[in-house]
Amino acid sequence: MAVHSKHPASAPPGPPVREKTGHLMLRGWCILVLFMALSGTAWVHAFGELTATIITIAGGVLSAVLWITLRPPVQWRRLPWFVVAYVVWATLSLAWSAWPAASALTLLLLWITTLQALFIGSVLTWRELVRAIASALKWTMALSFVFELWVWVFVRAPLMPGFVVETADDPIEYWSRNNLFEWDKRIQGIMGNANLLAPVALLAIIVFGIRLASGAPRRTFLWIWVGLSAFLFLRAGSATAYLTAAAVAVVLVTVLLMRTATKPGERTKYYVGYAVVGVGGLLALWLLRDTIFTALGRSADLTGREGIWEDVLERAAERPWTGWGFATPWVPSDPAFDEWIIDHGQTVMQAHNMWVDVAMQLGIIGGVLLAFLYFAFVWRAWFFAVDRPRWDLRADRPYSPLTLLPTLVGAILLVQGLAESTPLLLWGWLFVVMLGAKIKQSPHVGVGPAEQSAAIERGDAVERDEHAGREPGSEATGTTAGSRPAGRDA
């Protein structure tokens, strides 16, 4: 006769694991911070400079308080030290700055952005980080489309910042040009600038694609988000963004080929091919720039950028080693920049090349620090993507699509930095610091103190996994481990 045991071998059934309310609110705050960085100048256009400044400072203070309160595990010896060195050198430039007020104001933005980047990377796991970025990009893409649609349907005229309807001296002044369904004209989204909208739309395509490859739920909606992002990318009509997309495609194909290598030295041929395509592409771009940029509807001098570079480099040559003082972006109200370089009747706020910009602001020393910073980031991001995850004797763990994100972001920023200075601020700087620090702190998805402690805070049963003989961070916890299918994403 069967007898029910009073001592069952398994744990009694319980409710499903749910995220704690505090962690949900924390992730929501991180999404808002990421959205603020990605939407960029939208806050200034909508609420004015003073309000946007107050919001930015208040956000930085709140994140600092949360960081001190939560005290997430941070390996201080594994901080991104080139980032620290660059920020310190930029801060020291206050001592010799030719525009101290502008330096102080823009340094505050640099410190806050760096703090937010380190904060987000320390309190979210890799999977949560990608989900948070995807959520912030959904808000950015959706609001860009809705904003342009609202202008088209209700305003029916170009719109100035502050929701003012009036005629501008030059279209560059408009927040929206009311071009949503003028298929031969560019749209600008909530940023008010097509050259800012296009790279964010490209980033959105990449992130949503990674989510799809990771097996994320609600795949139909993800494909809709990909379509919307592609629409905004194409309608932004940025020649630099088109070239950036080509570079991202080359990097992606190369990484996927690298992952197929099974023998020592098998990657050499891919590295050679990658180098040939890269060098050949740059050479063709330079020799055929007239034809290429004419086909893209742009002038061969990158719409006047060469003239801007000449003026900036001329000033940089006067203080070659230390530069004139940090100012990213340039503050147009400062006498040193007011009407210094004029484009379309407006004072230019950047050098339209991050290397030229840094050479003028922080000199050769600052340029070298920035070069080391990007080299370290690209180096770690590359091997984070192409190397199979391994921290013990097991060598057959599957790749995760999430590891593609840092190296593709690096490709976007490096190419974008040749024609824009935006990688030095807002989402460009935040992503370099955030992803670079995250790779150093958690070089494996779902493994390590930072990843596991965040999983515990979410309510995942890490201890139960250990008692069951599974590796912490395996299927039951919703994080990556060797036994789970490749790239599955909760």
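Figures for the structure shown
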{"item": "Residue in region 311-346 that is farthest from L426 (Cα to Cα), counting only those that are of a type in the set (D, E, K, R) and assigned to a helix (DSSP H, G or I)", "result": "E314"}
{"item": "Unique residue being under 16 Å from the mean Cα position of the chain (by Cα), within 13 Å of R27 (Cβ to Cβ) and crowded, with 21+ Cβ neighbours inside 10 Å when the list is L124, L118", "result": "L124"}
{"item": "Count of residues meeting criterion [free of Cβ contacts under 8 Å to residues at least 40 places away in the same chain and surrounded by 21 or more Cβ atoms within 10 Å (Cβ to Cβ)] in region 205-253", "result": "2"}
{"item": "Unique residue being in a helix (DSSP H, G or I), surrounded by fewer than 21 Cβ atoms within 10 Å (Cβ to Cβ), touching a Ser or Thr at 6+ places or on another chain (Cβ under 8 Å) and among the hydrophobic types (A, V, I, L, M, F, W, C) when the list is L149, L143, L196, L202", "result": "L143"}
{"item": "Yes/no for T113 being touching a Gly at 6+ places or on another chain (Cβ under 9 Å), modelled with pLDDT of 95 or more and farther than 14 Å from F326 by Cα", "result": "yes"}
{"item": "Every pair of residues 6+ apart whose Cβ atoms lie under 8 Å, when the first sits in region 340-366 and is surrounded by fewer than 23 Cβ atoms within 10 Å (Cβ to Cβ) while the second is of a type in the set (D, E, K, R) and assigned to a helix (DSSP H, G or I)", "result": "W340/D311; I341/D311; Q346/E173; Q350/D357; N353/R305"}
{"item": "Residue pairs meeting the criteria (Cβ under 9 Å; at least 6 apart or on separate chains; first closer than 17 Å to K138 by Cβ, in region 182-202; second surrounded by fewer than 21 Cβ atoms within 10 Å (Cβ to Cβ) and hydroxyl-bearing (S, T, Y))", "result": "I190/T41; M191/T41"}
{"item": "Selected residue (criterion: nearest to K263 (Cα to Cα)) from residues of region 362-411 that are part of a loop (DSSP other than H, G, I, E, B) and of a type in the set (S, T, Y)", "result": "Y399"}
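Each row is one residue, and each column tells you yes or no for (1) crowded, with 23+ Cβ neighbours inside 10 Å; (2) modelled with pLDDT of 90 or more; (3) of a type in the set (G, A, S); (4) under 22 Å from the mean Cα position of the chain (by Cα).
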site	(1), (2), (3), (4)
P401	no, yes, no, yes
T407	yes, yes, no, yes
L414	no, yes, no, yes
G436	yes, yes, yes, yes
Q441	no, no, no, yes
G446	yes, no, yes, yes
A450	no, no, yes, yes
A461	no, no, yes, no
G469	no, no, yes, no
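The values are calculated or read from the model by the stated rules, or taken from the named source; none is laboratory data. Note that the structure is predicted; figures quoted are calculated from it, not measured. Note that each Cβ is placed from the backbone with ideal geometry, even for glycine, and that neighbours are counted across all protein chains shown.
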